[in-house]
1. Report yes if some residue within the stretch A:3-10 is surrounded by fewer than 20 Cβ atoms within 10 Å (Cβ to Cβ) and not in a strand (DSSP E or B); otherwise report no.
2. State which residue pairs qualify: first residue at negative phi and surrounded by fewer than 21 Cβ atoms within 10 Å (Cβ to Cβ) and inside the stretch B:115-129, second residue part of a loop (DSSP other than H, G, I, E, B) and not small (Gly, Ala, Ser) in any location, beta carbons under 8 Å apart, and separation of 6 or more residues or different chains.
3. Which residue, of A:ASN231, A:ASN191, is open to solvent by 50 Å² or more (accessible area, probe 1.4 Å) and touching a Gly at 6+ places or on another chain (Cβ under 6 Å)?
4. Using the structure shown, decide if B:GLY12 is farther than 24 Å from B:LYS119 by Cα, in contact (Cβ under 8 Å) with a residue 24 or more places away in the chain and not aromatic (Phe, Trp, Tyr).
5. Considering each of B:ILE167, B:ILE139, B:ILE133 in turn, give the residue that is within 13 Å of chain A (Cβ to nearest Cβ) and open to solvent by 20 Å² or more (accessible area, probe 1.4 Å).
6. Looking at the stretch A:82-127 only, could you name the residues that are farther than 29 Å from A:VAL203 by Cα, open to solvent by 10 Å² or more (accessible area, probe 1.4 Å) and either among the β-branched types (Val, Ile, Thr) or part of a helix (DSSP H, G or I) (or both)?
7. Just a yes or no: is a residue in the stretch A:210-222 assigned to a strand (DSSP E or B), within 30 Å of A:ASN129 (Cβ to Cβ) and in contact with an Asp or Glu (Cβ under 6 Å, 6 or more places away or on another chain)?
Amino acid sequence: MIRIEHVSKSYRTPKSTVNVLDDIQLNIAKGDIFGIIGFSGAGKSTLIRCLNRLEEPDTGTIEINGRIITGLKDKELRAAREKIGMIFQEFNLFDSMTVFQNVAFPLKVAGHPKAFIHHRVHEMLELVNLGDKAKLHPSQLSGGQKQRVGIARALVNQPDVLLSDEATSALDPQTTYSILELLREINRKLNLTIVLITHELDVLQHICRNMAVLEAGRIVETGTVDKFFMNPESDTARRFVHIIEHYRDKRVVMEGMGAGI
Amino acid sequence: MRDDLFELLWEGLLETLYMVAWSSLFALLIGTVLGIILVVTEKGGIIESPVLHKVIGTLINSVRSIPFIILIVLLLPLSRLIIGTTLGPTAAIVSLSIGAAPFLGRIIENSLKEVSAGKIEAAKSVGAPPFMIILQVLIPEALPALVRGMTIAVIAITEFTAVAGAIGAGGLGSLAIRFGYQRFREDILIATVLVIILLIQIIQWSGDWISKSLYNKRFK
């Protein structure tokens, strides 16, 4: 489904060169929910943004659903992007448009007729449980509702892949879970491939099946999420798992003391 | 006070409004194009083009560094070419438009830059082409800020018309100088100033009102 081969990218400053992505190799299967985890500055965001070329990789090949994304010209790239949905940490909804118009925007881009747009947008709003909010503006919604609009907008063109760029990082834990549940449901219903980046282990544990650990622009570990928690191999993975074990122990101790967390 | 006061004031006001309206319109058209080019061609913009960005930026800075009264003189031949004369309100519209356009360009550039890069990326990520992003995302998202900026510009243009009045453009500025100053008509001088103060207030109030109602529609 998604094939990333030898992808590298570096930023040159007058004084030095920083390798943000260093020879990335990754395969993601159709219908998978694939998590990429790493500490801040590991290059996660750059990597996921290379998949729809919001950032240009310096070298390497990216193939999505049989199409070589890295070789596309402007016009072909725009057509390809219609089939790669993306959701963002800051939602990035358009304040000048209503919820309906936000979700309709990608369909207008794709040149669909009005009647179809109307039907399809309402269908999407039902899917994300916002059927009654079509006429509101984004500012009238809660964070979780905003991200649901973001998801509806990203999926309205029936993409092959959904890219999630820290989509739950600005949300509280409860809202995060409801969004993750929604993503899981959509993955099951539509057999949609989801690639998400996160620095939250909870997110990984909750919905991902396979994953990769990114450290300083390199993939240091890939495999199933279960293996990551049971038997972490890389130092970074151990550091991550160590953090939650530390808190788990603490919680056991505090529950033992009657703190009742 | 003499009985010709109101007639003179009314005539001056109409000429001023005529110059402000047309100059604002033309300056806005040119300025909008300049502002959009500046924003979309900058590094990381929708149609990145450092050379064009530099050329337009330098052009704007050059025109803006010429004092307005000198710019009018420099543009006199152009007025003669387009309008056929260098005197009167219509001739002044040429210099006013060209003099104010670079200023508007910068104001529009600043307003458009208030739109977060994330929104533009969201539009890119669904495959929207550059012109669609400019017309349907960039401009609508910046609209409340654009209206505030344009209000500043229209007020500046009103001030410019008074300056242009000094060298034969007509309007309230010329009235104040020709009658108030050169013929010692203090009543006209004071009345002109009062009318200009009122005019500027009305422009500012209207701009604030439009911007606020746009804003309220989005952020209830």
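1. So far as the stretch A:3-10 goes, no, none of its residues is surrounded by fewer than 20 Cβ atoms within 10 Å (Cβ to Cβ) and not in a strand (DSSP E or B).
2. B:SER116/A:GLU90; B:SER116/A:ASN92; B:GLY118/A:GLU90; B:GLY118/A:ASN92; B:GLU121/A:LEU54; B:GLU121/A:ASN92
3. A:ASN191
4. Numbers: farther than 24 Å from B:LYS119 by Cα: yes; in contact (Cβ under 8 Å) with a residue 24 or more places away in the chain: yes; not aromatic (Phe, Trp, Tyr): yes.
For B:GLY12, the condition - farther than 24 Å from B:LYS119 by Cα, in contact (Cβ under 8 Å) with a residue 24 or more places away in the chain and not aromatic (Phe, Trp, Tyr) - is met.
5. Answer to the selection: B:ILE139.
6. Correct list: A:THR98, A:GLN101, A:LYS108, A:VAL109, A:LYS114, A:ALA115, A:PHE116, A:ILE117, A:HIS118, A:HIS119, A:ARG120.
7. yes
Each row is one residue, and each column tells you yes or no for (1) among the aliphatic types (A, V, I, L, M); (2) at the interface with chain B (Cβ under 10 Å from one of its Cβ atoms); (3) touching a residue at least 24 places away in the same chain (Cβ under 8 Å).
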| position | (1), (2), (3) |
| --- | --- |
| A:LYS83 | no, yes, yes |
| A:PHE88 | no, yes, yes |
| A:PHE100 | no, no, yes |
| A:ALA104 | yes, no, yes |
| A:LEU107 | yes, yes, yes |
| A:HIS112 | no, no, no |
| A:ALA115 | yes, no, no |
| A:HIS122 | no, no, no |
| A:GLU126 | no, no, no |
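The values are calculated or read from the model by the stated rules, or taken from the named source; none is laboratory data. Fair warning: this is a prediction, and the values are worked out from it, not measured in the lab. Neighbour counts are summed over all protein chains in view; Cβ atoms, including those assigned to glycine, are modelled from backbone coordinates with ideal geometry. With ligands, DNA and RNA removed, areas are computed over all heavy atoms of the protein, side chains included. Shrake-Rupley method; radii C 1.70, N 1.55, O 1.52, S 1.80 Å.
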